[in-house]
Amino acid sequence: MKKRLSFLERAAAVPHLVWTLLFIIGPLLFVLYFAFTDNDGAFTFANIAHLSSYAHIFFVSICFSVVATAFCLLIGYPLALAMARAKPSTQKLLLVLLMLPMWISLLIRTYSLMTLLDNGGLVNSLLRAMGLAPWHMVGTGGAVVLGMIYDFLPYMVLPIYTSMTKLDKRYLEAAADLGCNPCQTLFRVTLPLTAPGIFSGITMVFVPSISTFYISQKLGGGNFDLIGDTIERQFQYTSTYHIGAAISLVMMLLIIASVAIFGRFADKEEEGMLA
């Protein structure tokens with residue numbers, strides 16, 4: 001029999017419900033309204049049909065996000081593994097070092113990276129001091145991807161590290177007893193058992209990467225128009241609110257689909273672990 005909530009328990013949920021209605025459901029309803037209306041308020045599908053002209057922007061945004069997520073995984077998994085195998089005191093220190101940049105605003109971090117990579121920045125100054133030709137980085141796709149990796153790498157490391165700390169060491173001992181070398185243990189035991197953390201990390205990196213706009217503006221030098229940049233530009237003028245809302249709606253659907261897909265994979269891995 002389902003337990004009925006007391007009056008105090010129901011009252012405690014009211015602030016959360018109000019917050020959800022005002023700042024989650026409300027904005028979504030506004031996006032839906034503007035996406036399917038014209039400047040006169042009449043219902044129309046023209047805004048959705050007009051999105052075909054932004055297909056290239058969606059393609060570039062998805063490509064950049066996938067590349068940044070892949071590099072975060074390649075860098076983050078070994079880092080999480082090293083952190084999980086370190087001494088407890090060392091783990092705490094590494095966690096602080098990992099989270100320390102997150103205490104700083106993303107804007108400041110992006111400006112700092114832009115200063116380092118600029119033509120007159122620290123990296124190119126060192127190259128000139130060594131007698132090498134400067135490397136033009138700001139304004140390239142590589143700089144945008146690097147900015148995404150720099151800003152969102154902790155989101156990949158933390159869930160994987162959490163999965164590794166919860167891993168039963170007896171599985172590793174059993175694999176060693178059965179003749180597995182460290183490489184085989186990693187790919188046959190550690191990697192499958194930490195798959196839920198991997199999928200969580202992929203989701204946490206892919207979602208902000210595909211919706212970012214400030215990183216591409218500063219590190220891309222205005223040469224790359226991503227989904228976030230396009231939405232920001234459309235909402236700068238009242239006459240283009242409806243196109244911006246339509247793009248926002250499609251981006252939300254992309255994010256929901258990616259979260260659902262990765263969540264499904266994670267659920268399957270957890271079911272396989274429990275089977």
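A few points about this structure:
- For region 214-229, filtering for residues that are surrounded by 18 or more Cβ atoms within 10 Å (Cβ to Cβ) and either among the small types (Gly, Ala, Ser) or closer than 19 Å to Cys72 by Cα (or both) leaves 5.
- Residues of region 16-66 that are polar (S, T, N, Q), more than 23 Å from Leu226 (Cβ to Cβ) and modelled with pLDDT of 90 or more: Thr37, Thr44.
- The single residue among Ile160, Ile75, Ile149 that is in contact with a Cys (Cβ under 8 Å, 6 or more places away or on another chain) and either within 30 Å of Thr190 (Cα to Cα) or of a type in the set (Asp, Glu) (or both) turns out to be Ile149.
- Positions within region 130-189 being small (Gly, Ala, Ser), surrounded by fewer than 19 Cβ atoms within 10 Å (Cβ to Cβ) and part of a helix (DSSP H, G or I), in sequence order: Gly141, Gly142, Ala174, Ala175, Ala176
- Residue in region 18-33 that is touching a Phe, Trp or Tyr at 6+ places or on another chain (Cβ under 9 Å) and surrounded by 15 or more Cβ atoms within 10 Å (Cβ to Cβ) present: no
The values are calculated or read from the model by the stated rules, or taken from the named source; none is laboratory data. These numbers were taken from a predicted model, which means no experiment stands behind them. In this analysis, Cβ positions are derived from the backbone assuming ideal geometry, glycine residues included, and neighbour counts consider all displayed protein chains.
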